[in-house]
Amino acid sequence: MSIYSPDVWVILKIAAVDEEPIYKILAGWYGGFAGSNSWKLSSGITTVEPDLEFDQIHYHQSSGSTYICGAHTYGFSSLTQSMFNNWAKQSEENNFTIEVMPKGFEVPNE
């Protein structure tokens, strides 16, 4: 079980034709001066736990990992925006839909 704390994140709704949607976290990290930016797509949100004390949201995944996301860091980096744009183009050709959910969206628990 891994724990991830991204610098930026968005919730994606991904669905194949005639299938129930899956909600995933597209997470991004800034590399800093000597490093490079990175991204990760989660396996699929199963449960959500708000942590009001630390202004975070814990998104538990089907893989067993958890994404601890800052409530005020919702959004794209240039890298994650580029990844999303590429997937959106591919979706048109490959019979699936992908969309960014608005900030504050409440993911249905599995």
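The values are calculated or read from the model by the stated rules, or taken from the named source; none is laboratory data. Being a predicted model, the structure only gives us computed values, none of them experimental. Virtual Cβ from ideal backbone geometry, glycine too; neighbours counted across all protein chains shown. Just the protein is used for accessible areas: all its heavy atoms, side chains included, with ligands, DNA and RNA removed. Shrake-Rupley method; radii C 1.70, N 1.55, O 1.52, S 1.80 Å.
Scanning the range 88-106 for residues that are in contact (Cβ under 8 Å) with a residue 24 or more places away in the chain, open to solvent by less than 70 Å² (accessible area, probe 1.4 Å) and over 18 Å from V8 (Cα atoms) gives F96, I98. Among the residues of the range 16-51, the ones that are closer than 17 Å to V107 by Cβ, among the hydrophobic types (A, V, I, L, M, F, W, C) and open to solvent by 60 Å² or more (accessible area, probe 1.4 Å) come to 1 in all.
With respect to S65, is the statement that it is crowded, with 16+ Cβ neighbours inside 10 Å and touching a residue at least 40 places away in the same chain (Cβ under 8 Å) true? Taking the combined requirement at face value, the residue satisfies it. Only one of the numbered conditions (1) assigned to a loop (DSSP other than H, G, I, E, B); (2) surrounded by fewer than 17 Cβ atoms within 10 Å (Cβ to Cβ) is violated by K13, and that is (1). The C-beta contact set for the range 75-86 (first residue in a helix (DSSP H, G or I), second residue modelled with pLDDT under 95, distance under 6 angstrom, 6+ apart or interchain) comprises L79/N37.
Given the condition over 21 Å from E99 (Cβ atoms) and among the β-branched types (V, I, T), answer yes or no: does some residue in the range 17-40 qualify? No: zero hits. Here F54 passes the criteria (1) aromatic (F, W, Y); (2) open to solvent by 60 Å² or more (accessible area, probe 1.4 Å); (3) at pLDDT 95 or above except the one numbered (3).
Here H72 passes the criteria (1) loosely packed, with under 13 Cβ neighbours inside 10 Å; (2) out of contact with any Asp or Glu (no Cβ under 9 Å at 6 or more places or on another chain) except the one numbered (2).
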